[in-house]
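Structure record follows, encoded as structure tokens.
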Amino acid sequence: QVIQRVASGADGIETVPAPNSERHLSGRVIMKPKSSNAWRSEGKSEAEIAEKRGKALGVIKKNKVVVEETPGLGFSVVLLNPGQEKKFIKDLEESEDGELFEYLVPDYIESQTYVPNDQFLPQSWQHDKMQSRLAWDTTFGSDSVTVAICDSGLLLTHPDLAGNRVEGYNADQKKWESDGGDPSQAYVAIGESHGTWSASSAAAIGNNGIGTIGSGGNFKHRPIQVSNAQLGGSAYSSTLAHCAEVACNAGDRVVNISYSGATDSSRRSAATYCRQRGALVFHSAGNDDRDITGYNTDADDLIVVGATDSTDNKSSFSAYGSYVDIMAPGSDIVGAGVDGSGNPGYYYISGTSFSSPLTAGLAALIWSANPNLTADEVEQVIKESADDLGAAGKDNVFSYGRINSYQAMLHPLVVGAAPTTPAPTSPPTP
């Protein structure tokens with residue numbers, strides 16, 4: 001659904017400057033036990049010192065440790081719920097265990113170093129909710145990770161997509177682009193942008209001075225056309241399953257399908273096939289405001305995504321229920337598309353068709369930060385790092401919650417991997 005064309009100069013568009021001295025709480029606390037020498041200076045015996053340092057270690061291990069004690073600096077880092085850092089420190093300092101520590105301080109995020117200059121980033125509320133800017137300080141996406149877009153074809157020349165794509169495939173023709181297969185949007189009307197919108201939600205190029213940005217701005221996408229002239233944008237279930245099969249066999253770690261039929265057996269089978277090969281398949285939940293019951297979200301390999309709005313309510317159109325795995329922004333988010341003359345443009349778009357590739361893009365971002373994770377672990381990170389909405393814990397409306405890219409980067413399975421943030425790319429020559 002197109003809601004409004006985003007035109008240059010509208011809404012007070014301006015470049016987002018990189019802050020120079022901001023500090024951000026991260027949900028992490030640095031805990032430095034008092035050293036043996038410090039205890040000796042207080043006249044403690046070696047037996048007393050061993051007891052106190054052991055007790056300090058026990059206090060640390062009551063929490064989720066994300067950085068074990070460093071041999072040189074001698075501190076550990078624990079992960080808390082965001083916003084609990086200062087209370088945690090105050091309560092511990094005032095307890096009888098407070099004497100065990102030399103210092104307890106928030107593990108601040110210091111001066112963001114990577115804020116992309118994409119033109120419409122200020123309008124892209126989805127990245128505010130997902131805390132994407134903070135996540136991008138860990139990784140902006142690795143060009144060794146590819147998201148396959150199983151859709152109605154793309155505007156292959158769109159400047160926010162063209163530079164970061166790999167060879168396309170036509171799943172209806174069963175031909176690779178190099179063999180004459182057409183992955184473009186040749187079978188849909190001019191101005192219909194579903195495939196381009198989906199691709200940009202996951203993988204629009206970042207820091208190029210124009211347009212919008214996906215969940216990451218530097219990984220690759222593979223356009224896979226699943227329609228034909230008779231279907232005009234629609235697709236057969238078998239073709240969608242074949243699309244996933246081809247993508248994971250090609251080495252793509254992430255596959256997105258933004259079509260109806262999330263409960264289709266062939267889709268679930270394709271997801272299992274891909275997961276056995278180390279890839280994940282994401283699928284839109286549907287736009288019929290339906291409670292998808294009778295299925296267990298954790299009993300299959302397909303990751304089904306519903307939509308939320310800018311106030312963290314369920315989007316009015318989004319399907320929900322026990323079959324939905326996770327939620328993501330999907331109402332009036334900014335996406336790259338095609339206008340009525342066939343030219344690239346930008347739109348506010350709505351649908352689970354776009355919350356799903358946002359989540360697929362998050363999976364690619366996680367794999368960019370830690371390529372050694374398994375498919376099961378990436379799914380675990382997405383669900384455990386989501387912002388809990390609605391009833392506490394997993395529920396029938398929001399499932400595990402709404403995705404949060406920054407919290408995903410802080411997850412213990414991700415923390416510790418070397419950052420892969422690239423040097424900023426230059427804006428294209430006009």
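The values are calculated or read from the model by the stated rules, or taken from the named source; none is laboratory data. Being a predicted model, the structure only gives us computed values, none of them experimental. Cβ coordinates were reconstructed from backbone atoms using ideal geometry, including for glycine residues, and neighbour counts include every protein chain displayed. Heads up: the accessible areas ignore ligands, DNA and RNA and are worked out on the full protein's heavy atoms, side chains in. Shrake-Rupley method; radii C 1.70, N 1.55, O 1.52, S 1.80 Å.
Computed values, structure above
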{"quantity": "Residue check for residue 243: at pLDDT below 95, assigned to a strand (DSSP E or B) and open to solvent by less than 30 Å² (accessible area, probe 1.4 Å)", "calculated": "no"}
{"quantity": "Residue satisfying condition, being surrounded by fewer than 24 Cβ atoms within 10 Å (Cβ to Cβ) and β-branched (Val, Ile, Thr), within set 210, 205", "calculated": "210"}
{"quantity": "Subset of region 213-237 that is assigned to a strand (DSSP E or B) and within 22 Å of residue 362 (Cα to Cα) - its residue that is most open to solvent (accessible area, probe 1.4 Å)", "calculated": "220"}
{"quantity": "Selection status of residue 263, open to solvent by 20 Å² or more (accessible area, probe 1.4 Å), over 15 Å from residue 152 (Cβ atoms), touching a residue at least 40 places away in the same chain (Cβ under 8 Å) and of a type in the set (Ser, Thr, Tyr)", "calculated": "yes"}
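Table: residues versus (1) modelled with pLDDT under 75; (2) open to solvent by 70 Å² or more (accessible area, probe 1.4 Å); (3) over 30 Å from residue 217 (Cα atoms); (4) of a type in the set (Phe, Trp, Tyr).
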| residue | (1), (2), (3), (4) |
| --- | --- |
| 43 | no, no, yes, no |
| 56 | no, no, yes, no |
| 62 | no, yes, yes, no |
| 66 | yes, no, no, no |
| 85 | no, no, yes, no |
| 104 | no, no, yes, no |
| 109 | yes, no, no, no |
